Amino acid sequence: MATSPLAARPVPDVETEEIVAVDHLDFFYGDRQVLFDVSLTVRRGEIVVIMGGSGSGKTTLLRHLMGLMPAQPGKIRLFGKDIARLSEGEMQELRRKMGVAFQSGALFSSMNVTDNITLPLRELVQLDEETMAIMARLKLETVNLSGFGDLMPSELSGGMVKRASIARAIVMDPQLLFLDEPTSGLDPAVSAQIDDLVLKLRAAMNMSVVIITHDPKSAFTVADRILILDQGRIVIDGPPDLVRASRDERVRNLLQRRFEETDIDPAQYLRRIMGKDEDAHP
Amino acid sequence: MTDWRLPLRQVGERTVAVLDEIGYCAVLVFQSVYWLAVGPRARQPVRLGATIDSMIDFGVQALPIATLLAATIGIMLAIQSLYSLGLFGAQQYAYIGIALSVAREFSPIIMGILVAGRSGSALAARIGSMTINQEIDALDVMGINPVRFLVTPALLGFLVMLPCLTMWANFVSIIAAGFYVSAVLHGTLAGYLRDTLDVLHAKDLWQGLGKSVLFGLIIAVIGAVNGSNAKKGAEDVGRVTTRAVVQSITLIVVTDMIFAYLTTH
């Protein structure tokens, strides 16, 4: 549950329909509690960024939101439906409204980029080959990967894998998009391209987007709302300006530590690890 | 917790883990049958192309090594049969032991072990690396059932191709043994084969084929279950692959013994 007074603030320019609603979710791995009383909502057309350090429960929360883990105590509603009460078939129908781009890309290594993108169409909709090829081409254009459809995933750079993964995630025109660390491991220029892509997709398709990231720069660029997890608890949930202005020590620690890492000068870092930096070793 | 409780707890946890794995095997088989039956009506059929690819991979591409192994087993059986029967001056009856042991025992078990090592391990490694790379999660979230997409085509491939390989191994082993025996006893291959066909009945062939179907089921399910247990990285893929091969071969041998006991009593 959000502990910040900012949690209840309305987010401008988004509709009020709740696409994702999590109520009082707890989760245990064996004896260890990973999520504590987590509640959040994502409205139609809203971009919500979930941030937190390693082991804060971000991935566990994301897996719950995607319906890959059963809610223990707590309730998860997607598109207004309690997913614990859905049959396998109903859950499959619901998943057609969702797209996911995983941190690793999760492209199928035995298929080229086009086949990866058209896989959901081929398996779930059974369109003719020509229509699928057109749709794949359109999605590749959307993510700036035109002409790369015949390449295998192993032939793509890290940024291209992320973009191909996003193309596959949006091929069914989902209403809800999950992006797991979309900018991790990418240089700032490519990260900025991914951020632009996310904003473009939201503008074009009015989809709700949930992003898990460690990258504050990216988060503050794209988010309508930022939610910070610390040791399984939501410590703040609000618009970027208010998160930035937060005086909560856990929020400050997370944001400042990350900014220091992001902004470090490579030459200074090299001097530091070689023991030649006087600032680092006074 | 006091020390004497710790071993008990570990035994309990291991027992639960084993039961969990057995239950998961049953779920995989059930889901595979379900998708075969319901998939076409739900407009999510089991992929024919992937099934054919599996058959080619597990069966056709295994033919050279299967042929070599079958011929070697046939000749080895011929050498041992001629030696042991020679002690009683009954070398001319070697074809009986060779034909029955090849069709009822050696072909299915050798082909089972070959396919477990060659293709069961590949299935475990493939599913293991897909699990680690989140490809299985991706299938799930796309609404594509991973069992229908990955396991059922492989299961069908094993169920069809293992009996085919077993029949092929019967043929190759008996021919190879025939060459050796007829050369040693100065007979003809045609005469040897005629005698073999007289002694070999359909039930002997069915016994071997029945086992091979069971072995195919074991290899597919063990490979898939172990693959889906990979969690940490490339090292874990190696671990689950080795585990899949060891478990498959062990279960094949144990099942063979039980099957032999039940069908000969």
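In terms of overall dimensions, the C-alpha atoms belonging to chain B reach 68, 55, 35 Å along their principal axes, ordered largest to smallest.
With the cut-off at 1.5 for a/c, could you classify segment B:18-70 from its C-alpha gyration tensor as rounded, prolate or oblate? Working shown, then result.
Details: a/c = 4.46, a/b = 1.40, b/c = 3.19.
It comes out oblate by the Cα gyration axes.
For residue B:203, which lysines qualify as cross-link partners when the Cα separation must be under 30 Å and same-chain residues fewer than eight apart are set aside? Counting by Cα, and skipping residues close in sequence, residue B:203 has these lysines nearby: B:211. In chain A, the sites counted are GluC sites (Glu not before Pro) in DSSP loop states with at most 15 other Cβ atoms within 10 Å, and the longest stretch holding none of them, exclusive of the sites, is A:18-277. Averaging Cα coordinates gives a centre for segment A:83-129 and one for segment B:165-221; these two points are 47 Å apart.
222 nm [θ] for chain B, helices only, -39500 (n - 2.57) per DSSP H run of 4+, per residue, to 500?
Calculated from helices alone, the mean residue ellipticity at 222 nm is -27000 deg cm²/dmol.
With every protein chain kept in the model, how would you rank A:58, B:231, A:97 by accessible area, 1.4 Å probe, largest at the top?
Working: A:58 15, B:231 145, A:97 70 Å².
Most to least solvent-accessible, the answer reads B:231, A:97, A:58.
Pairs from the list A:75/A:97; A:58/B:232; A:75/A:139; A:75/B:231; A:162/A:200; A:58/A:217 with a Cα-Cα gap above 22 Å: A:75/A:139; A:75/B:231. For the pair segment B:120-156 / segment A:15-80, the C-alpha centres are spaced 26 Å from each other.
Averaging the sequence gap over all C-alpha pairs within less than 8 Å and six or more residues apart, then dividing by the number of residues, gives segment A:117-199 a relative contact order of 32 percent. Heavy-atom accessible surface of residue A:63, to the nearest 10 Å², is about 60 Å², with a 1.4 Å probe and all protein chains retained. Shape class of segment A:38-188 from the Cα gyration tensor (axes a ≥ b ≥ c, square roots of the eigenvalues): oblate, since a/c reaches 1.5 or more and a/b does not exceed b/c.
Sorted from greatest to least, the principal axis extents spanned by the alpha carbons of segment A:156-265 come out as 41, 33, 23 Å. Helix screen, chain A: DSSP H segments with Cα axial length of 24 Å or more and mean Kyte-Doolittle hydropathy at least 0.5 are A:188-205. A cut-off under 11 angstrom between Cβ atoms defines the neighbours of residue B:229, and their net charge, with Lys, Arg +1 and Asp, Glu -1, is +1. Taking the Cα centre of each part, how many Å lie between segment A:166-187 and segment B:14-53? After rounding, the separation between the Cα centres reads 29 Å. Other residues with beta-carbon under 10 Å from the beta-carbon of residue A:82 carry, at +1 per Lys or Arg and -1 per Asp or Glu, a net charge of +3. Taking all Cα pairs closer than 8 Å and separated by 6 or more residues, the relative contact order of chain B comes to 30 percent. For chain B, the solvent-accessible area with a 1.4 angstrom probe is 50 square angstrom per residue.
Please arrange B:168, B:35 by accessible surface area, largest first, computed with a 1.4 Å probe and ligands excluded.
On the way: B:168 90, B:35 20 Å².
Accessible-area ranking of B:168, B:35, largest first: B:168, B:35.
Please arrange B:141, B:254 by accessible surface area, largest first, computed with a 1.4 Å probe and ligands excluded.
Sorted by accessible area, descending: B:254, B:141.
For residue B:76, the solvent-accessible surface with a 1.4 Å probe is about 80 Å², rounded to the nearest 10.
Residue B:61 sits among other residues whose Cβ lies under 13 Å from its own Cβ, and their net charge, with Lys and Arg +1 and Asp and Glu -1, is -1.
The values are calculated or read from the model by the stated rules, or taken from the named source; none is laboratory data. Note that the structure is predicted; figures quoted are calculated from it, not measured. Using ideal geometry, Cβ is built from the backbone for each residue, glycine included, and neighbour counts are taken over all protein chains shown. These area figures cover heavy atoms from the full protein model, side chains too; ligands, DNA and RNA do not enter into them. Shrake-Rupley method; radii C 1.70, N 1.55, O 1.52, S 1.80 Å.
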